[in-house]
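The values are calculated or read from the model by the stated rules, or taken from the named source; none is laboratory data. As the structure is a computational prediction, the values presented were derived from the model and not from experiment. Cβ placement follows ideal geometry from the backbone for every residue including glycine, while neighbour counts extend to all protein chains displayed.
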Amino acid sequence: MTRPPARRGRIGSAAVGILVMLAAACSGSDQPTGPIDDVPGDSLPVVYTLPVVVHVVHNGEPVGAGTNLSDERIAAQIRILNEDFRRKPGTPGFNDDPVGADARIEFVLASRAPGGAPTSGVRRIDASATANPVPQNDLFPYYAHYGYWDPARYVNVWTMPLPETAQNIVLGFATGPQTHLPGSDLLLDGEPIQPEGILVNAAHFGPSSIPSPFNRGRTLTHEMGHYLGLLHLWGGRDCADNDFVADTPPVMSPIISCVPRVGCSGLPTQTANYMTFADDGCMNLFTEGQVERMREVIETSPRRMGLPTSPGLGG
């Protein structure tokens, strides 16, 4: 995979050449839990709860070692995802930005598998013992070979057992939704072109102690934004359109630092926005416009609108 003009995945700032070499080689609630101004009332939008299945692709290690991530780490990643999307007070996902918003979107590990059997929402696949005829550089078909649940009912997330040399370089990728919203052509195609979901380097999935500015679980938050239709703030690198969200100041080039700079409009760039390449430690912002776009995708996109009523949620 080469780096596209508007990068769809999240990779480290020094990633381009190494990524090319790597590719060649290889129960939600309607009660508010968000910010302090999110008070009960009929005017509040419903909380959408989406079921996630995590396909842990590993190299044969025991559970909890190496790329065979522990259940605790997976649960921590889901918690972080919810803190970020719900802008939860008292967590790193909270902000007091005047355009910041609680997305009222939550995520749970699926409790029912396709067919109705109970599940933990975590599948473990030993890649060292499982033949895969798909070329490894066809990333989504390759990982979907190890397991792929109906994308109209589940958010498929695969953890990639990449070598240590890929840490801080290859973080994650996501397919975008089928949608009428402008800018969708800048997102990676999903169905019917290729299997859809989210890929995350196992080293960057959930909180970890690896020496990295990307060790706090924000890669999945960023990629989930793409999965729900958000672009990077610089979009197609056109000041006039950018990410097609009015309350994110336009910027022509990638934001890779926590230090604000002046964007197209003369306003400081939103370095805290989850849809940048800034470090995990300074990310804590989805804007009202970004939330509106994500919720529009959930309400209208063919393989997103069934997620809140998925049988995978149980009940």
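Annotations for the structure displayed:
- Total residues in the range 291-315, condition more than 23 Å from residue 274 (Cβ to Cβ) and part of a helix (DSSP H, G or I): 4
- For residue 50, the requirement of being over 15 Å from residue 283 (Cα atoms), modelled with pLDDT of 95 or more and in contact with a helix residue (DSSP H, G or I) (Cβ under 8 Å, 6 or more places away or on another chain) is met.
- None of 38, 30 is at pLDDT below 95, closer than 27 Å to residue 271 by Cβ, over 20 Å from the mean Cα position of the chain (by Cα) and assigned to a loop (DSSP other than H, G, I, E, B) except 38.
To keep it simple, each residue is scored yes or no on (1) modelled with pLDDT under 95; (2) buried (at least 24 other Cβ atoms within 10 Å of the Cβ).
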residue: 220; (1), (2): no, yes
residue: 244; (1), (2): no, no
residue: 248; (1), (2): no, yes
residue: 265; (1), (2): yes, no
residue: 282; (1), (2): no, no
residue: 292; (1), (2): no, no
residue: 304; (1), (2): no, yes
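- Sole residue being under 17 Å from residue 156 (Cα atoms) and either surrounded by fewer than 21 Cβ atoms within 10 Å (Cβ to Cβ) or out of contact with any Pro (no Cβ under 7 Å at 6 or more places or on another chain) (or both), chosen from 51, 45, 62, 92: 51
- Pairing each residue of the range 195-208 that is among the hydroxyl-bearing types (Ser, Thr, Tyr) with any residue that is in a loop (DSSP other than H, G, I, E, B), provided the two are 6+ apart or on different chains, yields C-beta distances under 7 Å for 208/215.
- Selection status of residue 142, in a loop (DSSP other than H, G, I, E, B) and more than 25 Å from residue 85 (Cα to Cα): no
- Looking only at the range 201-219, and only at residues there that are assigned to a loop (DSSP other than H, G, I, E, B) and polar (S, T, N, Q), the one that is nearest to residue 300 (Cα to Cα): 215
- Condition check for residue 282: over 14 Å from the mean Cα position of the chain (by Cα), of a type in the set (A, V, I, L, M, F, W, C) and more than 17 Å from residue 182 (Cβ to Cβ): yes
- Hey, residue 82 on the phi < 0 side of the Ramachandran plot, buried (at least 17 other Cβ atoms within 10 Å of the Cβ), modelled with pLDDT of 95 or more and assigned to a helix (DSSP H, G or I) or not: yes
- Residue identified as more than 21 Å from residue 67 (Cβ to Cβ) and surrounded by fewer than 24 Cβ atoms within 10 Å (Cβ to Cβ) among 162, 187: 187
- The single condition among (1) crowded, with 24+ Cβ neighbours inside 10 Å; (2) in a helix (DSSP H, G or I) that residue 231 does not meet is (2).
To keep it simple, each residue is scored yes or no on (1) of a type in the set (Ser, Thr, Tyr); (2) touching a helix residue (DSSP H, G or I) at 6+ places or on another chain (Cβ under 9 Å); (3) part of a loop (DSSP other than H, G, I, E, B).
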site	(1), (2), (3)
132	no, yes, yes
136	no, yes, yes
147	no, no, yes
190	no, yes, yes
195	no, yes, yes
199	no, yes, no
